[in-house]
1. Starting from residues that are open to solvent by 30 Å² or more (accessible area, probe 1.4 Å) and within 10 Å of the ligand (Cβ to nearest atom), keep the ones in segment 290-302 and report whichever is modelled with the lowest pLDDT.
2. What's the number of the only condition in (1) in contact with a helix residue (DSSP H, G or I) (Cβ under 6 Å, 6 or more places away or on another chain); (2) within 30 Å of ASP397 (Cα to Cα); (3) crowded, with 21+ Cβ neighbours inside 10 Å that VAL244 fails to meet?
3. All but one of (1) at pLDDT 95 or above; (2) among the acidic types (Asp, Glu); (3) within 16 Å of the ligand (Cβ to nearest atom) hold for GLU167; which doesn't?
4. For THR46, only one of the following conditions fails: (1) in contact with a Ser or Thr (Cβ under 9 Å, 6 or more places away or on another chain); (2) assigned to a helix (DSSP H, G or I); (3) within 22 Å of PHE262 (Cβ to Cβ). What is its number?
5. Checking the structure you have, find out if any residue of segment 219-235 is touching a residue at least 12 places away in the same chain (Cβ under 8 Å), part of a loop (DSSP other than H, G, I, E, B) and away from the ligand (no atom under 15 Å from the Cβ).
6. Between a residue in segment 252-267 that is more than 8 Å from the ligand (Cβ to nearest atom) and any residue that is among the charged types (D, E, K, R), which pairs come within a Cβ distance under 8 Å, given they are 6 or more apart or on different chains?
Amino acid sequence: MKTFYVTTPIYYVNDVPHIGHAYTTIAADVLARFHRQMGEKVFFLTGTDEHGNPAARAAQKRGITPQEHVDEMVEKFKALAVRVNATNDFFIRTTDPRHVQAVQRFIQRLYDQGDIYLKSYRGLYCSACEAFYAEKDLVDGKCPDHGTEPELMEEENYFFRLSNYQERLLAFFDAHPGFVQPESRLNEARSFIQQGLEDISISRATLEWGIPIPWDESQVVYVWVDALLNYITALEFATGEDLVPKFWPADYHLMAKDILKFHAVIWPALLMASGYELPRHLFIHGYLLMGGQKMSKTRGNVLDPFEVMDAYGVDAFRFYCFREVAFGQDGTISMEGFENRYKAELANELGNLLSRTIAMIRKYNDSVLPPADDHAAFDTTGAQLVLEFRKAMERVDLTGALEKVWRLVRSLNKYVEDSAPWKLAKDVSRKPELDSVLYNLAEGLRICAILLHPFMPETTVEILRQLGLPAHVENLAVEQAAWGRGEPGVMVVPGRPLFPKLQE
Ligand code: MSP
């Protein structure tokens, strides 16, 4: 059976989750659900990155221990995953003793084989990024990502021989042009490697909140090495069975561009050093912006995802994320834009299409789906659409995939207007025509529901239910999205409006 392993970054727990975190988790969930609908065996991983400076400082500020702080915060991240309807197979915490031990084993092996050595180092450090910066990469002396001034840090640290992997990394990039997507990000990562790689410090001496270096407990493992390893350690202990042979290499690591360098350079080098295969793809999506700036905890311009979902529902939110902002590019989101799409596209175009279709099948055919004399016109367009949708999903073009389905939604609305079933109903001799229209509308909606399922899991199950179809796995399989698979004779079931009027 084909497998599919998808991950989100593991999120920092120095503060509460925001919409940016929900965004990546939902994207990963969309992929996980789609690949399950394709009949694949999926493993979907998310979790929290709990060691390092920001978490330790946040705890200190609150006058509690780091462990108390992270234990509390993790619950909010877990609750977010549940609230967005994420179907993650596991939630990894880097404070899990099983992860801690696995990291220690991993790093000990690199040390034993000579990939790690001790050296004194002095540099400018941004503790929000947990990374050193060269002077030339700062903007007005400040971190380009956080706008804060880095601190001068000098320590004796353990270093990983990253420089040894420069040639192998470049060769890998050349041999795997789809490794980093979109392509612009591949070029960015490649040119970074080409500029020359220096060895990196993989331990910290001044920090206590981390995983002790096994051969020198006065230091802890650099939080990025600890964090990146989660993608493998989780597979080792998530279920009790070692899932590495089954699911590694990962098919997709999803993330925004802020952490591209760690995933496209350090992570592959660590994997090469330890003899693991490299992940198949990194997909780098853009930033959600608010008021033109990246939404971030450090900047304070964040929306509370829980509030948005309480007001509009989880599916509308999931839909909006990929409809409003082309997946892979930066884009601005706003409550206004959200409400517009809710009303125009969800309530009017999709919601009304379903309620009209159900109402007409009830009125004109006693709630029974009639057979169609003719659906040939839809067979090819339908098949073409499904093919294009699948291709878009397979290249993680979530926005493109959604657009394909929306074209079908719109053409079905046009079909209602053009064929005017209410006129056909007045003439008994045209009953076969009327039946075909009703069948095709229900069939179109059934196909939309299957294809939209990864994006709007609750709504699409409700669509199928109203169409008289239980939402079991077989009815949701992508291969069922073909015109004519729907059986005439089922009874439609009227239900609630899919997208009720918003409260002012
Ligand atoms: N802990 C590290 C990741 C370690 S992965 C081995 C980290 N955590 S984070 O909490 O800062 O999460 C960063 C990620 O959150 C981004 O890469 C992206 O996936 C998501 N986003 C955070 N803010 C976002 C936006 N404003 N817009 C889009 N995605 C956002 O980095």
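1. This residue is LYS297.
2. With respect to (1) in contact with a helix residue (DSSP H, G or I) (Cβ under 6 Å, 6 or more places away or on another chain); (2) within 30 Å of ASP397 (Cα to Cα); (3) crowded, with 21+ Cβ neighbours inside 10 Å, VAL244 is out only on (3).
3. Tallying (1) at pLDDT 95 or above; (2) among the acidic types (Asp, Glu); (3) within 16 Å of the ligand (Cβ to nearest atom), GLU167 fails exactly one: (3).
4. All conditions are met except number (2).
5. Residues of segment 219-235 touching a residue at least 12 places away in the same chain (Cβ under 8 Å): 219-235.
The next check asks that each one be part of a loop (DSSP other than H, G, I, E, B); those that pass are 222, 229.
Restricting the remaining residues to those that are away from the ligand (no atom under 15 Å from the Cβ) gives none.
There is no residue in segment 219-235 that is touching a residue at least 12 places away in the same chain (Cβ under 8 Å), part of a loop (DSSP other than H, G, I, E, B) and away from the ligand (no atom under 15 Å from the Cβ).
6. These pairs meet every condition: TYR252/ARG280; LEU260/ARG185; LEU260/GLU188; ALA264/ARG185.
Results for (1) in a loop (DSSP other than H, G, I, E, B); (2) in contact (Cβ under 8 Å) with a residue 24 or more places away in the chain; (3) under 16 Å from VAL416 (Cβ atoms), shown as yes or no for each residue.
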site	(1), (2), (3)
ALA326	yes, yes, no
GLN329	yes, yes, no
GLY337	no, no, no
LYS343	no, yes, no
LEU346	no, yes, no
GLU349	no, yes, yes
LEU353	no, yes, yes
ILE358	no, yes, yes
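Table: residues versus (1) open to solvent by 20 Å² or more (accessible area, probe 1.4 Å); (2) more than 24 Å from the chain's Cα centre (by Cα).
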| site | (1), (2) |
| --- | --- |
| HIS35 | no, no |
| VAL42 | no, no |
| ASP49 | no, no |
| ALA59 | no, yes |
| GLY63 | yes, yes |
| VAL70 | no, no |
| MET73 | no, no |
| LYS76 | yes, no |
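The values are calculated or read from the model by the stated rules, or taken from the named source; none is laboratory data. These numbers come from a predicted model, not from an experiment. Positions of Cβ are generated from backbone atoms using ideal geometry, with glycine treated the same way; all protein chains shown enter the neighbour counts. Protein only, heavy atoms only, side chains kept; ligands, DNA and RNA dropped before computing areas. Shrake-Rupley method; radii C 1.70, N 1.55, O 1.52, S 1.80 Å.
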